[in-house]
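Below is one structure, written out as structure tokens, with a few remarks after it.
The values are calculated or read from the model by the stated rules, or taken from the named source; none is laboratory data. Because the structure is a prediction, the values reported are computed rather than measured. Note: ideal-geometry Cβ built from the backbone for every residue, glycine included; neighbour counts use all protein chains shown.
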Amino acid sequence: DDNFLDLLKRIEKFVGGDSQAVEMSPIFCMREQRKCVESCLDHIHYRSHIRSSNKFTKVYTLEDLVVSLIMQSGKTDQKPPERQVRDSLLRNQWDYVSSLGCSFHDEMDCSCCSL
């Protein structure tokens, strides 16, 4: 159980909230992982045997964060389709450069080739 207490302290340090605060900073994850993340945080808190309440009460979805940022940007008043937001988050679009790898992997749109 010492490992769970250590793990909880490491998560708190990683998230960057004040260890003395009642609540930690929010955690964001994909929608389909939200229940799992909440359950894991609850389990780690329970197994750490801390008597205070769980500080990780704010687990939000990345999809909702992206939609909120888009809507608050003022560039559009139309809410983007959730599927489009999800696909954008899952796509490896930021580190792919065409013609960087071999022609075989370039045709497959594979960003992992270093030949």
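Brief remarks on what is shown
- Filter result (modelled with pLDDT of 60 or more, more than 21 Å from Glu32 (Cα to Cα) and in a loop (DSSP other than H, G, I, E, B)) within segment 64-100: Ser73, Gly74, Lys75, Thr76, Asp77, Gln78, Val97, Ser98, Ser99
- Ser48 vs. criteria under 30 Å from Leu8 (Cα atoms) and either modelled with pLDDT under 90 or out of contact with any strand residue (DSSP E or B) (no Cβ under 8 Å at 6 or more places or on another chain) (or both): yes
- Put simply, of Ser39, Ser68, Ser25 the only residue that is in contact with a Gly (Cβ under 7 Å, 6 or more places away or on another chain), of a type outside the set (Val, Ile, Thr) and free of Cβ contacts under 8 Å to residues at least 60 places away in the same chain is Ser25.
- Answer residue from segment 11-35, given it is surrounded by 11 or more Cβ atoms within 10 Å (Cβ to Cβ) and assigned to a helix (DSSP H, G or I) and is farthest from the chain's Cα centre (by Cα) among those: Glu12
- Every condition in (1) surrounded by 14 or more Cβ atoms within 10 Å (Cβ to Cβ); (2) closer than 20 Å to Glu32 by Cα is met by Ile50 except one, and the failing one is (2).
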